[in-house]
Amino acid sequence: MKAAVSLRLRPSRTEFLVFFPFSNEPTRTALLAAGVRYEPAAKGYVLPADAALVARVRAACQHLGLVLLVPPTPALAVALPPPTPHEVLLSRYCQFIALKRYSPNTLKNYRSAFQLFLAYCGPRLPLALSKQDVLDYLAGRVAAGISETYQNLLINAIKFYYEQVEGQPRQYYNIPRPKRPQTNPKVLAQEEVKALLQGTENRKHRAMLMLAYGLGLRLGEVLALTPADIDSKRMALYVRGGKGKKDRDLPLPESLLLLLREQFREFRPITFIFEGQHPGEPYSERSLQMVVKQAASRAGIQRPISLHMLRHSYATHLMEAGTDTRIIQDLLGHSSIKTTEIYTHVAQRARPPSPLDSLGL
């Protein structure tokens with residue numbers, strides 16, 4: 001069977017998703033020249049639903065001897081219904097979040113939470129609701145068993161609408177909240193980290209794991225690094241726009257700099273230090289988490305681990321070595337010292353020996 005390029009109309013009916021053998025470089029080059037482009041939000045290739053562009057892609061496929069599968073074109077001619085008042089409001093809501101420069105994850109979470117609130121409103125718009133209506137909605141969600149974290153998200157998403165989008169006075173919603181469980185961060189022993197790193201032969205994978213443990217980077221911070229973020233003269237690594245949009249400069253170990261240079265020479269990234277299968281595209285979060293799980297399996301670590309556990313281990317091992325908590329706070333990029341102090345619950349440095357040891361049993 002011949003290789004094929006297929007187009008699938010997106011819900012907006014203004015673009016096609018383009019599916020083809022990504023590993024075939026001549027095909028990808030020809031399609032990009034014909035008007036296909038990579039869209040990070042769609043996590044794939046797209047083509048505007050334009051007859052002339054479809055014709056160009058068809059000609060490119062014929063030249064390569066590929067079959068082009070196109071959905072029935074009448075679907076393009078179907079007029080979309082006008083947006084509902086709720087859809088208009090949701091679009092305006094998301095626009096405000098984007099103008100506030102909130103992170104993509106915040107936009108996604110707030111949008112989802114506010115969409116549920118709009119569904120509760122029914123035919124009414126939120127401005128037609130009283131404060132008691134909002135309290136009833138929140139109380140109903142709490143009674144349904146949502147977590148405290150999600151409860152706070154709902155409140156924040158609703159408050160953002162009334163206070164930021166509509167410019168109303170600040171509101172306080174007095175909803176009883178369950179006591180938040182105080183869970184300690186999960187950490188690895190230094191011997192486990194060593195086994196995990198030594199068992200990872202792929203230079204790119206090892207470098208990502210070493211950054212998470214050696215500098216305490218978050219997953220997103222590892223994947224967002226560019227060659228310009230490394231200053232070999234100062235032996236520093238710059239984290240730009242970390243959580244809370246905070247920048248921080250971190251000391252770069254020489255062993256890690258040498259490994260980063262080796263992986264750069266091997267993989268020749270274009271934009272990011274760590275790129276996926278296609279040049280210029282960042283390595284995926286899911287793939288990196290899989291790298292961690294596979295490394296843990298090779299190291300004989302039985303319990304579930306994630307990349308963030310390496311960050312927890314970095315902070316805990318620094319504290320056990322006697323590093324001042326304020327310095328650890330700065331290295332991790334925490335706004336509050338209270339966040340950093342959670343590691344005192346797992347660090348073993350300052351804990352007295354058990355009196356059992358003095359019994360000589």
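The values are calculated or read from the model by the stated rules, or taken from the named source; none is laboratory data. Predicted model only: the values in this text are computed from it and were never measured. Cβ: placed from backbone, ideal geometry, glycine included. Neighbour counts: every protein chain shown. For the accessible areas, the whole protein counts, side chains as well, though only heavy atoms, and no ligand, DNA or RNA atoms are used. Shrake-Rupley method; radii C 1.70, N 1.55, O 1.52, S 1.80 Å.
Some notes on this structure:
- Divided by 2.2 N^0.38 Å, where N counts the residues, the Cα radius of gyration of region 208-361 comes to 1.20.
- The calculated FRET efficiency for T183 paired with L361, based on their beta-carbon distance and R0 = 35 Å, is about 0.60.
- Full extension of the chain between M235 and Q277 yields a length gain of 12.2 nm, computed as 0.36 nm times the residue separation minus the alpha carbon distance.
- Cα centre as origin, Lys/Arg/Asp/Glu Cβ charges: region 230-275 dipole, Debye: 260
- Surface accessible to a 1.4 Å probe, M309 within the full protein complex, Å²: 10
- Placing unit charges on the Cβ atoms only, positive for Lys and Arg and negative for Asp and Glu, gives the chain a dipole magnitude near 400 debye about its Cα centre.
- Positive-end residue of P85, A228, L256, charge dipole of the chain with Cβ unit charges: P85
- Largest to smallest accessible area among H308, H278 [probe 1.4 Å]: H308, H278
- Solvent accessible area, Å² - K246, 1.4 Å probe, full protein context: 70
- Region 17-117, dipole about Cα centre (Lys/Arg Cβ +1, Asp/Glu Cβ -1), debye to the nearest 20: 320
- Per residue solvent-accessible surface (Å²) - the chain, probe of 1.4 Å: 59
- Surface calculation, 1.4 Å probe, protein heavy atoms: D249 sits at approximately 80 Å² accessible.
- With both labels modelled 7 Å from their Cα along Cα-to-Cβ, the S255 to V67 distance reads 5.4 nm.
- Largest to smallest accessible area among T340, T106 [probe 1.4 Å]: T106, T340
- Ordered from highest to lowest accessible area with the whole protein assembly present and a 1.4 Å probe, E163, E320, E191, E285 read as E191, E285, E320, E163.
- Expressed as a whole percent, the accessible surface of the chain that belongs to carbon and sulfur atoms is 55, based on a 1.4 Å probe.
- Loop-located chymotrypsin sites (Phe, Trp or Tyr not before Pro) in region 15-75, at most 15 other Cβ atoms within 10 Å (DSSP): F22
- Using the Cβ of L219 as centre and a radius below 14 Å, the other residues enclosed give a net charge of +3, where K and R count +1 and D and E count -1.
- Taking 0.36 nm per residue of separation and subtracting the current Cα-Cα distance, fully stretching the chain between T84 and T14 would add 23.3 nm.
- Sorted peptide list for 144-150, 46-52, criterion being average Cβ within 10 angstrom, highest first: 46-52, 144-150
- Residue among Y238, M210, A51 farthest towards the positive dipole end of the chain, charges placed on Cβ: A51
- The distance from the alpha carbon centre of region 133-166 to that of region 291-314 is 35 Å, rounded to a whole number.
- Of the chymotrypsin sites (Phe, Trp or Tyr not before Pro) in region 166-258, those whose Cβ has at most 16 other Cβ within 10 Å and which sit in DSSP loop: Y172, Y173
- Comparing mean-square fluctuations of T200, T14, T339 from a GNM of the chain with C-alpha springs under 10 Å, the top value falls on T14.
- Each Cα pair under 8 Å and six or more residues apart adds its separation to the average, and for the chain the resulting relative contact order is 12 percent.
- Counting 0.36 nm for each residue step from S23 to Q151 and taking away their Cα separation leaves a gain of 41.7 nm.
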